[in-house]
Amino acid sequence: MKTNTRRNFLRMSAIVGTGLVLTNCGGGNMANTEGQKKAETSPDENKMGGEVTATEDLMREHGILRRALLVYSAAAIKLRVNPSSIPPASLQKTATLFRAFGEEYHEKKLEEAYIFPAVKKVAGEAASYPDILVAQHNRGREITDYIISVTQGAKLGTSTAEALSKSLEAFVLMYRNHAAREDTIIFPAWKQTMTGKQLDEMNDKFEDIEHEQFGEDGFEDAVKQISAIENSLGLADISQFTAPPPPKV
Ligand SMILES: [Fe+2]
Ligand SMILES: [Fe+2]
């Protein structure tokens, strides 16, 4: 429904006149009448919260993945101290969410299909990143396979717990670097390759892909899943992470 609304807006804008929509393409149509401005207003602009842009979408997807990384970090510490303190099913669920939402959707359907190919063609620093980012996606998938395979049973043995902790920590370090570079270098560079109209079209395309993959509420469902995992591990209450005051000097 959101998609249709957005498409209707694009169609309506095309009828009203491209000068109104493409003011950032050099038109600079300063002579818009008040009536024209009203016609330009999209139905989504009247919706509480407005619409989600493609880059905002990518960054909030990183938010889900970062919460999964926080689960991995907490689990790695606890597993070292006491392998039975972490139910393997919780890690299995986290890895399954990471696979479906991170690897099969965010990485494969968006970054590898649209963003990296476009960024590789730009001049400058960003173009040197996609190859290593793809290598990191692939290494991440190997680690996810491993997490899923060792968390099938009801318990983790001591040697498995130790090896799993190391893999979780290495994965967390890699992906924190990975997502931070994407947020600050890759996504802004990708955005620069498009006009406002093209970005609007990508918003629609990404939304279609999300619906195809997960149905209507892909992001909202992922938030619910990671929240349930955090709950099961005692990580849901954010106040426990408020830092203590610094030492007195
Ligand atoms: Fe990535
Ligand atoms: Fe990403």
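The values are calculated or read from the model by the stated rules, or taken from the named source; none is laboratory data. All values reported here derive from a predicted model rather than from experimental measurement. Counting neighbours? That spans all protein chains shown, and the Cβs are built from the backbone with ideal geometry, glycine included. These area figures cover heavy atoms from the full protein model, side chains too; ligands, DNA and RNA do not enter into them. Shrake-Rupley method; radii C 1.70, N 1.55, O 1.52, S 1.80 Å.
What's the local net charge at Leu133, with K and R +1, D and E -1, over the other residues with C-beta under 14 Å away?
-2
Is the shape of region 174-231 rounded, prolate or oblate, going by the alpha carbon gyration tensor and its root eigenvalues a ≥ b ≥ c, with a/c under 1.5 for rounded and a/b larger than b/c for prolate?
The shape class here is oblate.
Of all accessible surface on region 49-124 at a 1.4 Å probe, what whole percent is carbon and sulfur?
Details: 1860 of 3030 Å².
Taking all protein chains in place, region 49-124 shows 61 percent carbon and sulfur surface.
Using heavy-atom solvent-accessible surface (probe 1.4 Å) with all chains present, what is the largest-first order of Ile238, Ile147? Could you put the intermediate results ahead of the total?
Working: Ile238 130, Ile147 0 Å².
From most exposed to least exposed: Ile238, Ile147.
What whole number of Å gives the distance from the Cα centroid of region 87-155 to the Cα centroid of region 158-192?
With region 158-192 and region 87-155 each reduced to a Cα centre, they are spaced 9 Å.
Return the distance in nm (one decimal) between the two label points of a simple spin-label model at Val134 and Thr160, each offset 7 Å from Cα along Cα→Cβ.
Going from the Val134 label point to the Thr160 one covers 3.5 nm.
Say the cut-off is 32 Å between C-alpha atoms; which of Lys93/Lys121; Lys155/Lys205; Lys166/Lys224; Lys120/Lys205; Lys93/Lys248 go over it?
Beyond 32 Å: Lys93/Lys121; Lys155/Lys205; Lys93/Lys248.
Give the residue from Ile226, Met194, Leu164 lying farthest towards the positive end of the charge dipole for region 164-249; charges sit on Cβ (+1 for Lys and Arg, -1 for Asp and Glu) and the dipole is referred to the Cα centre.
Leu164
Using a basic spin-label model with each label point 7 Å from the Cα along Cα→Cβ, how many nm lie between Phe219 and Glu125?
If labels sit at Phe219 and Glu125, their model points lie 2.7 nm apart.
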